[in-house]
Amino acid sequence: MKIDPKDLHKPGTDNLPPGVYKEVGPRGGKITGSKEVHIVEGHRLPPTNKAGNKWIKKD
């Protein structure tokens, strides 16, 4: 499955749709020990476990 780069979000990004986001590698690949967070409207994405990782919204 190819990940669209516009679907990847850096830590600290604001104004995203509320929901569950999963930590992924810099290009969207699966990583060991990734975490999931639930953000609500107006909240920012938290830091990732490793610099360079990003967040992607789960379906």
Mind listing whichever residues of region 9-56 are open to solvent by 40 Å² or more (accessible area, probe 1.4 Å) and acidic (Asp, Glu)? Asp14, Glu36, Glu41
By my count, strands (runs of 3 or more DSSP E) wholly in the chain with at least 3 residues that are touching a residue at least 60 places away in the same chain (Cβ under 8 Å) are none
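The values are calculated or read from the model by the stated rules, or taken from the named source; none is laboratory data. Note that the structure is a prediction, hence the values are computed from the model and not measured. Cβ: placed from backbone, ideal geometry, glycine included. Neighbour counts: every protein chain shown. These accessible areas exclude ligands, DNA and RNA; they are computed on the full protein's heavy atoms, side chains included. Shrake-Rupley method; radii C 1.70, N 1.55, O 1.52, S 1.80 Å.
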